[in-house]
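Participant: One structure is given below, represented as structure tokens, and several questions about it will come after.
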Amino acid sequence: MIGPHLPILQVALPLIAAPVCVLLRFGNLAWLLALLVSWVSFAIAIALLSQTMHGGTIDYFLGDWAPPWGIAYRIDAANAFVLLIVSGISAVVLPYARRSVADEIPAGQRSLFYTCFLLCLSGLLGVTITGDAFNLFVFLEISSLSTYILVAMGAGRDRRALTSAYTYLVMGTLGATFYVIGLGLIYMMTGTLNMADIAARLQELGGNRTVHVAYAFIVVGIGLKLAMFPLHTWLPNAYTFAPSAVTAFLASTATKVAVYVLLRFLLTIFGPTFPLEAQTLTYIFLPLALIAMFAGSTVAIFQINLKRMLAYSSIAQIGYMLLGISFGNLTGVTATVIHLFNHALMKGALFMALGCVILRLERASIESVRGLGQAMPWTMAAFVAGGLSLIGVPLTAGFISKWYLVSGALEAGWWPVAILIVASSLLAVIYIWRVVEVAYFSPAPEGRPPVTEAPLGMLLPVWVLVAANVYFGINADLTVDIAEEAALALLGGGS
Amino acid sequence: MTGDLNLVLAIVIPLVGALFIAANDARPNLREGVTLATAGVLFCVVLWVLQQYLSGDRPEATLLEVVPGLPLAFNVEPLGMLFGLVASGLWIVNSIYSIGYMRGGNEQNQTRFYICFAIAISSAMGIAFAENMFTLFVFYEVLTLSTFPLVTHKGTAEARMGGRTYLGILIGTSIGFQLVAIVWTWVLTGTLDFTAGGILAGKVEGSMVPVLLALYMFGIGKAALMPFHRWLPAAMVAPTPVSALLHAVAVVKAGVFTVMKVAIYIFGIDFLADTGAADWLVWVAAFTILAASLVALTKDNLKARLAYSTVSQLSYVTLGAALATGPAVLGGSMQIAMHAVGKITLFFCAGAIYVATHKTEISDMRGLGRAMPFTFAAFFLGAVSIIGLPPMGGSWSKWYLMLGAADAHRQVILVVLAVSSLLNIAYLLPIVARAFFLPPPPEPEAKAAGAAASPRKGGIAEAPLLCVVPLCITAVGCILLFFFADAVYALLEPLVMTGGAVQ
């Protein structure tokens, strides 16, 4: 009975639970509610994914209004997979958040924190699930506005969180505005906001200056949201000063959802036959992705604050995802989709491990982790494991991503790019190993009070993600199957 | 998991051993007992595989499929059988020696040491029995990572720098080149299985063959082909049993083993010979052989000299692959075993000297032979085997390599091999000669260093028994390998038969 309504429940459940959190007042109760809701969301996402894997696409009309008038949700393997990533990460981050939030956020704000968290979750899920381009904008704003607040809540520890939230607000709003401008032009030309209809009309229309301008606005707008180089400037500060749980959640989900939206627009809506697309991929995405990979990683090497280091690493990793798209072949898109998932796992684990360090030491810098290998063995071991996955060592999830990415490059015949991919991953060796050396080979600084291991409630979620990193590195059948189906769904939709 | 149990056991047993070692952290005797027992059981399992192999069976096992078409799978072929035997056999000797060395030197973190050692052996088994290039690569990387804590064992700034070079070069080359080569092969052929006769013939041609070969050869950093050899001398900061592991048991042997596997089963000897794709490699290998020997001459630190000697000796194997003729391949493959036994003897001796006298520089070892006769006698035997003189096992690998070079009509290589042997004599034998024939220097500070370490005049002051016995065993092994080389030959012969090269 509930079965057919799962798509709307996926979004509505956190959306409704969010205001309830405000009413609960007490941080712990709000946390409990948020936790339950996000676990149910995760279950729904699994159910939806298994339906799309077997039964193809799901079409759901809100209030039973068919598309030209009403809003339609359209779920195929691609967005079902992203739903799974988003809800899965939130299901892991929330158990972790209780201790971390209690430590970093004043008691009075905690229920508000969980409200915003749920709103953000709901927004991200909505962006992913919807088949309506304007509805997408609405959810994008819901998620963005709540994200600005979440980032700003880091102000309790460091006032710079406020300015970074403000920068993020300005940049994010610019991105959203660009998107809406582009969408307006599209609506002008096609008279519809439903993605499938837009795709069909654009096919008939072919090239047209207005559509080209719309294309440019939309790509740049989403590019801002996903921190595509050189539109990434908001990201390092936002990730650095946000509360630990927020950083872990955002780094693993927000940019992933934006990449998904980009994939959807490029591959399904405008479609591979769109006149500008081939040039965009080869002459804009490819070089920008390569620059991002090298610039992001190089800057990461010189960071003192470890959260900022991982933030720059994220910019490089987003480069990998864009690179996969730019190959313009199935393997490339598959690599991007796999990396969406794997990067969520590794960055989630890494940021959460740093959160444990922050809980004990107030800050996670290259100085503060000295000698932590002995003092916090589990936390640092998790960091090393996540780092190995980031580097792409075999038997970790990161290796699978790299494998498909290099395959995609070679299939496209771009072997210099293949070498650049592996070369840039060697930069990751440097910035990860810098931390490992300090943590394991340097003595603890003089006068530091004895440090104890992080509480189990935080370690457990971290290690769940570490285990996932290893599991999906050893047995990638599942992820590769889904990613291939998702890539087919993305590519197949437009033609 | 499907297939024969023994192959899986060979990989799992050391891992289980590692767990038990960890559990017995506080009980050193039990912990070392577990290490020895694990080594013994592992060797028995490898013998079981050998027995099955000799009876004509071809054991194989599939652990799981990582992504469609890329399984972690194992099987047995001659080269892997040989490497598996060498690595598991020497692990027993090395474990006995480690106990003597680590206790004698009062080293820290011994539990971590034994755990990492066991993991390294497990990955060496994985490499030996890998059925495809993907499996091999996976275990290759595990081997690199599991030996990193061993190299940096001392935790000093010097160890950290050494570890940095070690990891940087090994990870750098393997991800930077080897992974690209593997994916490239995968995209070209759709398979990574080790197939007799190679999988690349007809799939890639022209100037791309040498490029792909270069990606593989420089990507296998563990084979220490110049200019990617720096990690070996850098890793000298490790305790001696680790150096023995690196040089003889697992790491470099895994490297040259991979070189051979790639040459024989990925490219195919015939394909290499026909396309001439390996011509450049002959010269790079020959250069490495000579250059590293020359550098070895200049080193006064014993372990550093041995390290450069290893760099030089490894390129014999690479040379064997590059010559791409039947005897050369045989000689190169034999060299894996012969060099292992010879070099482990030399390293054991270096470690025994260090434990007994705390001396690391060759110039300080004058007259030491009278105090440590067994050690230096063993050093002499090992050195003669490395040089390649009868009646030592090492002579056979040199013999077949020379045959192979003559087969390939490369007279220059014959000269290179001869000059290299002369250089080996020049940097190895003086050490023994100085120890036996020169009088010991008057050393007032030796008495202060400790009564046990300073020999009485004419007396014998060897290292602990647990250090001396293993090095005597391996020294005798060098001699035995000379007389039983036909067994090794018989084991390796199918390589050349199925490889298709004419003998």
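Participant: When B:Ala235 is evaluated against the numbered criteria (1) within 23 Å of B:Val317 (Cβ to Cβ); (2) of a type outside the set (D, E, K, R); (3) facing another protein chain (nearest Cβ under 10 Å), which criterion, by number, is the only one it fails?
Facilitator: That leaves (3) as the condition not met.
Participant: A:Gly413: within 12 Å of chain B (Cβ to nearest Cβ), part of a loop (DSSP other than H, G, I, E, B) and out of contact with any strand residue (DSSP E or B) (no Cβ under 6 Å at 6 or more places or on another chain), yes or no? Before you say what the answer is, go through the steps one by one.
Facilitator: Working: within 12 Å of chain B (Cβ to nearest Cβ): yes; part of a loop (DSSP other than H, G, I, E, B): yes; out of contact with any strand residue (DSSP E or B) (no Cβ under 6 Å at 6 or more places or on another chain): yes.
Answer is yes for this residue.
Participant: Do any helices (runs of 4 or more DSSP H) entirely within region B:298-412 hold 2 or more residues that are surrounded by 24 or more Cβ atoms within 10 Å (Cβ to Cβ) and either in contact (Cβ under 8 Å) with a residue 24 or more places away in the chain or out of contact with any strand residue (DSSP E or B) (no Cβ under 6 Å at 6 or more places or on another chain) (or both), and if so, which? Please lay out each step first, then the result.
Facilitator: Values: elements: B:302-323, B:326-357, B:368-371, B:373-387, B:394-407.
Once the helices (runs of 4 or more DSSP H) in region B:298-412 are filtered for at least 2 residues that are surrounded by 24 or more Cβ atoms within 10 Å (Cβ to Cβ) and either in contact (Cβ under 8 Å) with a residue 24 or more places away in the chain or out of contact with any strand residue (DSSP E or B) (no Cβ under 6 Å at 6 or more places or on another chain) (or both), what remains is B:302-323, B:326-357, B:373-387, B:394-407.
Participant: Within the group A:Val466, A:Val438, A:Val462, A:Val451, which residue is surrounded by fewer than 22 Cβ atoms within 10 Å (Cβ to Cβ), farther than 30 Å from A:Thr268 by Cα and either touching an Asp or Glu at 6+ places or on another chain (Cβ under 7 Å) or more than 14 Å from chain B (Cβ to nearest Cβ) (or both)?
Facilitator: Exactly one residue qualifies, and that residue is A:Val451.
Participant: Right, something else. In region A:153-166, what count of residues is obtained for those that are surrounded by fewer than 22 Cβ atoms within 10 Å (Cβ to Cβ) and not basic (Lys, Arg)?
Facilitator: Count: 6.
Participant: Now for a different question. Out of the residues in region A:384-404 that are facing chain B (nearest Cβ under 9 Å) and part of a helix (DSSP H, G or I), state the one that is nearest to A:Leu290 (Cα to Cα).
Facilitator: The qualifying residue nearest to A:Leu290 (Cα to Cα) is A:Lys402.
Participant: State which residue is farthest from the other protein chains (Cβ to nearest Cβ) when the search covers only region B:160-169 and only residues that are buried (at least 19 other Cβ atoms within 10 Å of the Cβ) and hydrophobic (A, V, I, L, M, F, W, C).
Facilitator: Checking each candidate, the answer is B:Ile169.
Participant: Among A:Ala227, A:Ala196, which is in contact with a Gly (Cβ under 8 Å, 6 or more places away or on another chain), of a type in the set (Gly, Ala, Ser) and either touching a residue at least 12 places away in the same chain (Cβ under 8 Å) or closer than 24 Å to A:Pro287 by Cα (or both)?
Facilitator: Answer to the selection: A:Ala196.
Participant: Tell me, yes or no, whether region B:114-125 has at least one residue that is outside any strand (DSSP E or B), modelled with pLDDT under 85 and within 14 Å of chain A (Cβ to nearest Cβ).
Facilitator: For region B:114-125, residues outside any strand (DSSP E or B), modelled with pLDDT under 85 and within 14 Å of chain A (Cβ to nearest Cβ): absent.
Participant: A further question follows. Give me the pairs, please: first residue somewhere in region B:126-138 and within 13 Å of B:Leu7 (Cα to Cα), second residue anywhere and among the hydrophobic types (A, V, I, L, M, F, W, C) and outside any helix (DSSP H, G or I), beta-carbon distance under 7 Å, and either six or more positions apart or on two chains.
Facilitator: Short answer, once both residue conditions are applied: B:Phe129/B:Phe74; B:Phe129/B:Val76; B:Ala130/B:Phe74; B:Glu131/B:Ala73; B:Glu131/B:Phe74; B:Glu131/B:Phe194.
Participant: Does A:Leu491 fit the bill of being in contact with a helix residue (DSSP H, G or I) (Cβ under 9 Å, 6 or more places away or on another chain), surrounded by fewer than 24 Cβ atoms within 10 Å (Cβ to Cβ), within 8 Å of chain B (Cβ to nearest Cβ) and in a helix (DSSP H, G or I)? Working first, answer last.
Facilitator: Details: in contact with a helix residue (DSSP H, G or I) (Cβ under 9 Å, 6 or more places away or on another chain): yes; surrounded by fewer than 24 Cβ atoms within 10 Å (Cβ to Cβ): yes; within 8 Å of chain B (Cβ to nearest Cβ): no; in a helix (DSSP H, G or I): yes.
No; evaluated as a whole, the condition is false for this residue.
Participant: Is it the case that A:Arg363 is closer than 26 Å to A:Ala245 by Cβ, among the basic types (Lys, Arg) and part of a loop (DSSP other than H, G, I, E, B)?
Facilitator: Against the criterion (closer than 26 Å to A:Ala245 by Cβ, among the basic types (Lys, Arg) and part of a loop (DSSP other than H, G, I, E, B)), A:Arg363 qualifies.
Participant: Please enumerate the residues belonging to region A:475-486 that are buried (at least 16 other Cβ atoms within 10 Å of the Cβ), in a helix (DSSP H, G or I) and within 14 Å of chain B (Cβ to nearest Cβ).
Facilitator: A:Thr479, A:Val480, A:Ile482, A:Ala483, A:Glu484, A:Glu485
Participant: Hey, can you tell me all the residues within region A:366-383 that are β-branched (Val, Ile, Thr) and not in a helix (DSSP H, G or I)?
Facilitator: Result: A:Ile366, A:Val369.
Participant: Please work out which one of (1) in a helix (DSSP H, G or I); (2) away from chain B (no Cβ under 14 Å) is the condition A:Tyr431 fails and give its number.
Facilitator: Tallying (1) in a helix (DSSP H, G or I); (2) away from chain B (no Cβ under 14 Å), A:Tyr431 fails exactly one: (2).
Participant: How about region A:409-447: which of its residues are charged (D, E, K, R), farther than 26 Å from A:Ile325 by Cα and in contact (Cβ under 8 Å) with a residue 40 or more places away in the chain?
Facilitator: Across region A:409-447, the qualifying residue is only A:Arg434.
Participant: Now a separate question. Any residue in region B:97-106 that is in a helix (DSSP H, G or I), within 14 Å of another protein chain (Cβ to nearest Cβ) and not β-branched (Val, Ile, Thr)?
Facilitator: No, region B:97-106 has no match at all.
Participant: Here is a check on your reading of the model: is A:Thr247 surrounded by fewer than 20 Cβ atoms within 10 Å (Cβ to Cβ) and either part of a helix (DSSP H, G or I) or touching a Phe, Trp or Tyr at 6+ places or on another chain (Cβ under 6 Å) (or both)?
Facilitator: no
Participant: Can you tell me which residue within region B:173-207, out of those that are of a type in the set (D, E, K, R) and either under 31 Å from the mean Cα position of the chain (by Cα) or away from chain A (no Cβ under 14 Å) (or both), is surrounded by the most Cβ atoms within 10 Å (Cβ to Cβ)?
Facilitator: Among those residues, the one meeting the criterion is B:Asp193.
Participant: Quick one: in region B:145-155, which of the residues that are of a type in the set (S, T, N, Q) and more than 9 Å from chain A (Cβ to nearest Cβ) is surrounded by the most Cβ atoms within 10 Å (Cβ to Cβ)? Spell out the reasoning first.
Facilitator: Taking region B:145-155 and keeping what is of a type in the set (S, T, N, Q), we get B:146-147, B:152.
Subset that is more than 9 Å from chain A (Cβ to nearest Cβ): B:146-147.
On the way: B:Ser146: 22, B:Thr147: 27.
The selected residue is B:Thr147.
Participant: Somewhere in region B:280-297, is a residue in contact with a Phe, Trp or Tyr (Cβ under 9 Å, 6 or more places away or on another chain), polar (S, T, N, Q), over 26 Å from B:Gly84 (Cβ atoms) and modelled with pLDDT of 85 or more?
Facilitator: Checked against the condition, which is being in contact with a Phe, Trp or Tyr (Cβ under 9 Å, 6 or more places away or on another chain), polar (S, T, N, Q), over 26 Å from B:Gly84 (Cβ atoms) and modelled with pLDDT of 85 or more, region B:280-297 yields at least one hit.
Participant: Out of A:Val82, A:Val101, A:Val127, A:Val138, report the one residue that is among the β-branched types (Val, Ile, Thr) and without any contact (Cβ under 8 Å) to a residue 40 or more places away in the chain.
Facilitator: Going through A:Val82, A:Val101, A:Val127, A:Val138 in turn, the sole match is A:Val138.
Participant: Moving to a separate point now. Which one of these does B:Phe83 not meet: (1) free of Cβ contacts under 8 Å to residues at least 12 places away in the same chain; (2) buried (at least 19 other Cβ atoms within 10 Å of the Cβ); (3) not acidic (Asp, Glu)?
Facilitator: For B:Phe83, the failing item is (1).
The values are calculated or read from the model by the stated rules, or taken from the named source; none is laboratory data. This one's a predicted model, so the numbers in the text were calculated from it and none came from an experiment. Virtual Cβ from ideal backbone geometry, glycine too; neighbours counted across all protein chains shown.
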